[in-house]
Amino acid sequence: MRKYTLALVVVIISSVALNAQDFGTFNGGFESNAQWLQDDKDLGFYAPDDQFRANNYFFLNYNVGKFTAGIQYEAYLPTPLLGYDPTLEGNGIANYFVNYKHENLDITAGYFYEQFGSGLILRSWEDRQLGINTALRGVKVKFDPTDYLNLTGVYGQQRVGFELSEGTVQGLDVNLNVGELLGVEKLFVEVGGSYVGRYQENDGNTKVPTTLNAYAGRVDFIYENFFANFEAVHKDPDVLVNDNTITNKAHTYKGSAMLLNLGYAKSGLGVNASFRRLENFSFYSDRYAEGNEYNQQRINYVPALTKQHDYLLSNIYVYNPQSRLIILDFQQQAGEMGSQVDFYYTFPRGKFLGGKYGTKLSANFSYWGGLDATFEPSTDSYSSEFLGAGNRYFRELTVEVKKKWTKNFSGIYYYTNTIIDKGIVDASLLGEKDIKANIGVVEHTLKLGGGKSVRLELQHLWTKQDKENWAGTLLEYNFSPRFGVYVNDAWNYGGEETHYYNVGGSYTKGRSRLAVNYGRQRGGLICVGGVCRYVPENTGFTINFSTSF
Amino acid sequence: MKNLTIIFLFLTSVVFSQDEVPNVTLNDLNGEGFDVRSFSEDGQLTVISLWATWCVPCLKELDAINDVYPDWQEETGVQLVAISIDDARTQKRVRPLINGKGWPYKILLDENHDFKRAIGAASVPLTLLVKNNKVLYRHSGYSPGAEDELYEKIKEYSK
């Protein structure tokens, strides 16, 4: 099948090339992430049979006039990196597409990525660090009849490794720029609406809906320094699935999501507050994929709305959104609700606390908890309050100050106070135990001239629960903007007395970058962009290479 | 492997052209769409920087350039377009952050990574120097002092 597909793509590319006066342009890239796992007795890690593993991506796009065609070849040789979906094994042409773009029309056939609104109802995307590729294979049409109206339609099946999902996804998105329509200049108002449906056979079980529809509405609003947006999604009733099995006797339950952002920004000051409520809000292209640990077949994107941390020790206790409805004897939850507030301020140069170069302050507060709900597993029923306090899952405050002391010396001072439900950290049951932690980070960078610089991070995590205290450090030396080396260590001295050390470096030349690392990977949830995957503890060499042409 | 051989055979028969800025339209913070190619079309020297609110080296780079940006503009007429790859998780931080930091750059949003994919960026920050939609210089990653090297290139191509 893949051979035919490839032949087809080559034929299309060649025919486009031959018919055109202009022979067009190519661009492409290659990325390889490899690891060579090593036995590490002290850590209790024994390398699996496939000690050497690599995830490789090669893509090539060809553009001529209004047409663009592309392919992405992926090879997981001999098996994917540890912690990635093991079904990704093998190699082949994973994505291909042909796109036509002219004035107000944009048509893609083949594999495509798309997002409606903030992605709460539909987002097909790729993240190689997470092993996510939820491209849809089918047809996408974008049409902008006027400046203030745009329409997008999608139809296709989602990618699952090198295969396709059993379910079919269709969607329509409409955006109307009301401000432009009315000719109002100062005020920006855009309204949008989306529909997304999934079709999947029910194998004769009529209690299980074959078509599952979801509808979203949203409004964006900007007036001078103020901005706001609101989005709401309704999902028709569907069965609940846990571990590939329909639970709760094929009762069906509707789902919903609501997201509100309010903000104010002017020169030197910015504030944003987000509120979100999710109830039974899982949306997969295959109903049996609900809750799968590799984030496969997700139709939508429900990120954790918390601060995305930058340091080793601040990334140990990370929140993971709880959108599912689960009514089982031993586990009951209906969704989540909470908010976060971000604050940015610059003390101007020469003014109070500003010093010669100004001082930058930022802060984030977030609180997330379960819905206030009561459950009746014996009758498969539950009820929930729209507002109201359920169990607290996560609460966090981070304050960060960035200060340039002299022309060549600058610092970052970072403090975080976290309370997290242990169940979020290790995927055990929620509501059993809290972990309270304080994390402090001091980072300094000294520029030595001629592109040389040295950077030192000192970190500490205080907690009496879980694995107790940690100390961390990172030292980085850059010989030039192209070549740097580092060594770091996260030392869990309060608990297992384990050192998670790493040493490595990177070299960049033009369009290519090579990074090597040897060390220990701390096990646990690795979160990128609010989506997490579980990575087992391991030791070894890693090599990352990327280039583009 | 056979697949790759076919591709490479096919490629050898076609000449690779210079790196071009891809044809992607992105919204700015006011919801207005911009073709990324429109910035350097008429010979305007432009730095395109791919960044994200959660990427510390990106913020360091754009802060460092911010300190010297008025001089750069005065001496070479260069402009900087900062394309955020923040998705729904962090995109709402973009506006307060750029205001809080007082960045004067043109900001565009690449929420679902259309531009990032088209330019073949494996990671951020990625800094491009472009003119008439030709990529003159490309650098990924940031360490202190990289902005000086970028400025050398800007001066070289502004003549």
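The values are calculated or read from the model by the stated rules, or taken from the named source; none is laboratory data. Nothing here was measured: the structure is a model prediction, and the numbers come from that model. Note that we place each Cβ from the backbone using ideal geometry, even for glycine, and neighbour counts take in every protein chain shown. We work out accessible area using only protein heavy atoms, side chains counted, and drop any ligands, DNA or RNA first. Shrake-Rupley method; radii C 1.70, N 1.55, O 1.52, S 1.80 Å.
Odds and ends about this structure:
- Contact residues in the stretch A:256-271 (at least 30 Å² less accessible area with all protein chains than alone, 1.4 Å probe): A:265.
- Of the solvent-accessible surface of chain A, computed with a 1.4 Å probe and all protein chains present, 57% belongs to carbon and sulfur.
- The GluC sites (Glu not before Pro) of the stretch A:279-320 that DSSP puts in a loop, and whose beta carbon has at most 13 other beta carbons within 10 Å, are A:293.
- Relative contact order %, chain A, counting alpha carbon pairs below 8 Å whose residues are six or more apart: 10
- Karplus-derived 3J(HN,Hα) values for the stretch A:402-419, using 6.51 cos²θ - 1.76 cosθ + 1.60 with θ = phi - 60°, are 10, 9, 9, 7, 9, 4, 10, 10, 9, x, 10, 10, 9, 10, 10, 10, 10, 10 Hz; glycine and proline are entered as x.
- Whole-Hz couplings from phi, Karplus 6.51/-1.76/1.60, listed for the stretch A:462-470; x for Gly and Pro: 10, 7, 8, 9, 6, 9, 6, 6, 10
- Per residue of peptide B:120-129, the mean number of Cβ atoms on other chains within 10 Å of the residue Cβ is 4.
- The packing ranking, built from the mean of other Cβ atoms within 10 Å per residue, places the peptides A:483-490, A:222-229, A:365-372 in the order A:365-372, A:483-490, A:222-229, highest first.
- Among B:90, B:25, B:53, residue whose mean-square fluctuation peaks in a GNM of chain B (springs only between Cα atoms under 10 Å): B:90
- Taken over the stretch A:303-509, the ratio of Cα radius of gyration to 2.2 N^0.38 Å equals 1.27.
- Inter-chain neighbour count for B:133-145: the average number of beta-carbon atoms from partner chains within 10 Å of each residue's beta-carbon is 6.
- Rolling a 1.4 Å probe across the protein heavy atoms gives chain B an accessible surface of 38 Å² per residue.
- Of the GluC sites (Glu not before Pro) found in the stretch B:26-78, those that fall in a DSSP loop while having at most 15 other beta-carbon atoms within 10 Å are B:32, B:41.
- Largest GNM mean-square fluctuation among B:129, B:97, B:59, using chain B with Cα springs under 10 Å: B:97.
- Share of carbon and sulfur in the accessible heavy-atom surface of the stretch B:16-158 [1.4 Å probe, %]: 42
- Calculated from backbone phi, Karplus (6.51, -1.76, 1.60) coupling profile of the stretch A:207-223 in Hz, x at Gly/Pro: 6, 9, x, 7, 9, 10, 10, 9, 10, 9, x, 8, 9, 10, 9, 9, 9
- Spatially proximal lysines relative to residue A:436 (Cα-Cα < 20 Å; intrachain offsets below 8 disregarded): A:307, A:422, A:464, A:467
- Taken per residue, the accessible surface of chain A reaches 44 Å², heavy atoms only and a 1.4 Å probe.
- All aspartates and glutamates inside 18 Å of residue A:356 as judged from Cα atoms, apart from same-chain residues fewer than 8 positions distant: B:63, B:67, B:71
- In a DSSP loop and with at most 16 other Cβ atoms within 10 Å, the GluC sites (Glu not before Pro) in the stretch A:149-206 are A:185, A:201.
- Counting, for every residue in A:506-513, the Cβ atoms of other protein chains within 10 Å of its Cβ and taking the mean gives 4.
- Cβ-defined net charge surrounding residue A:205, 12 Å radius [Lys, Arg +1; Asp, Glu -1]: +1
- Only protein heavy atoms count here, probed at 1.4 Å, and on that basis chains A and B bury about 5600 Å² of accessible area in total.
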